[in-house]
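Below is one structure, written out as structure tokens, with a few remarks after it.
Laboratory data are not the source of any read-out in this text; all were calculated from the coordinates shown. Since we're looking at a predicted model, the values are computed, not measured. Here the Cβ positions follow ideal geometry from the backbone for every residue, glycine too, while neighbour counts run over all protein chains shown.
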Amino acid sequence: MGSLALAAGTALCLVLGSGFAPEGTSGSSSTLRPLAALAVQPAYAEAATVEGTPTAGAAAGLAAPPLRDAVPLQRNIDPLTMQLPDAPPDLTPEEVRAIRIFARNTPSVVNITNFRQVPVQSAYGFGYGGFSMDTEKVPAGLGSGFVWDDKGHIVTNFHVIKGADEVKVTLLDQTTYTAKVVGGDADKDVAVLRLVDAPADKVSQLTPVTLGRSAGLLVGQRVFAIGNPLGLEHTLTSGIVSGLNRELSTGAVTIKGLVQTDAAINPGNSGGVLLDSAGRVIGINTAIADPTGKGASSGVGFALPIDSVRGLVDQILTYGRVLRPVLGVSLAPPQVLKQLGQPGVLVLEVPKGSPAEKAGIKPTMRDRFSGSLVLGDIITGIDGKAVKNYSDLVEALDEKRVGDTVKVDILRSQTDNLFASGTARKMTVSITLGERGQVNVTE
């Protein structure tokens with residue numbers, strides 16, 4: 001399979017015709033693919049046609065079902081209030097359900113534009129000396145978000161607003177307001193915004209989403225996605241839950257527990273909602289598998305589970321950040337233990353005053369007499385849960401809170417040969433978790 005790409009940002013390529021990559025790294029989104037200019041823009045606005053070729057059923061001599069006249073539903077829906085009249089009698093129950101889910105949730109989905117401050121280029125280049133002191137704000141990425149509460153808070157993906165100098169939020173009625181970033185978590189790809197210049201009556205009229213549960217989801221369940229793919233505002237797609245507990249690696253960090261769906265997700269969908277058949281939010285659409293490298297939907301999309309998102313958003317609203325618990329250590333590259341065939345994570349440094357230092361965790365160092373390298377403690381478990389690699393460590397710590405005391409299983413070496421007879425021993429130490437950012441550590 002090709003790369004996994006975070007599904008935001010490309011829509012501005014279509015609108016502006018600039019050289020952003022699909023999920024362009026120079027835009028509001030991050031990506032696992034290199035930046036590449038768009039040489040040819042797909043004709044997204046081209047009218048769809050049905051070729052006059054016989055269907056398989058017709059070829060087999062089967063009678064085709066009678067065609068029915070299209071029901072002009074859009075003329076019956078108020079685009080601002082999304083009030084839906086009684087469903088026309090010739091719609092199937094499945095169609096009625098989809099229409100009502102769209103009508104109920106569309107007012108809650110917003111369009112988010114990431115603006116960057118860039119130098120202004122004149123006809124003479126960037127100033128007389130090759131530089132310009134003048135700047136202007138230009139759109140650098142486009143994504144989706146949704147109304148969390150009636151206080152003007154909007155939830156989206158972190159990569160949608162990453163690096164923004166200004167964030168604008170456009171509502172269903174096309175009014176646009178400036179949003180402040182309340183806080184976010186880059187590792188979990190969640191951010192919370194707040195509308196800062198919207199009138200109080202407008203904020204009070206916002207329609208928060210109804211939150212569901214991602215726990216207990218089953219493969220095969222019907223799901224619906226609403227977002228702004230390719231700049232096409234408030235687009236509805238549908239599919240099923242295709243898989244559960246998927247993993248997405250973005251550099252050193254692996255996001256676990258993702259919901260996989262075949263509902264079409266394209267650039268610009270990032271931050272939008274994934275809904276169950278009752279219209280409740282069960283995930284945030286975040287990434288797509290991109291085997292072609294063109295940023296197009298492949299029928300393999302991924303959403304952050306709402307159960308995890310709920311806890312992160314609550315922390316951001318309470319503290320302005322996610323309180324990430326840490327042991328208070330810096331870790332060695334994983335290749336070191338891979339060469340030894342030893343599972344776990346190797347402690348490289350233990351900052352003075354950190355929780356790990358207080359618990360007696362040993363760093364990697366050189367023996368001052370022999371000059372040989374003495375490996376630091378190798379963390380192999382937390383509270384009885386095996387830690388085979390960095391991802392396992394992050395997952396184990398994510399289940400804890402700052403201030404919790406955990407039992408940490410370690411393997412301690414006394415020489416440069418970890419496996420020499422009598423030189424390594426298993427130990428368990430207690431560590432009271434600190435907060436990331438309060439200590440200069442990696443975990």
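Annotations for the structure displayed:
- Among the listed pairs K180/K400; K256/K388; K256/K352; K358/K426, a Cα-Cα separation exceeding 26 Å is found for K180/K400; K256/K352.
- At q = 0.12, 0.24 Å⁻¹, base-10 log of I(q)/I(0) for the range 222-319 (Debye sum, equal scatterers on each alpha carbon): -0.37, -1.30
- Extended-chain gain in nm, criterion 0.36 nm per residue less alpha-carbon gap, T175 and K400: 76.9 nm
- Gyration tensor verdict on the range 325-435 (Cα atoms; rounded if a/c is under 1.5, prolate if a/b is larger than b/c, oblate otherwise): prolate
- Among H234, H153, H159, the ranking by other beta carbons within 10 Å of each residue's beta carbon, starting with the fewest, stands as H234, H153, H159.
- The range 222-319 - percent relative contact order, Cα under 8 Å, separation 6 or more: 25
- Shape call, the range 279-383: gyration tensor on alpha carbons, a/c limit 1.5: oblate
- Under-5 Å amide H pairs with A287, H placed in peptide plane, nonlocal only: A7, F302
- Computed from phi, the 3J(HN,Hα) profile of the range 387-402 under the Karplus parametrisation 6.51, -1.76, 1.60 (θ = phi - 60°) reads 10, 9, 7, 4, 4, 5, 5, 4, 5, 5, 6, 4, 7, 10, 10, 4 Hz, with x in place of Gly and Pro.
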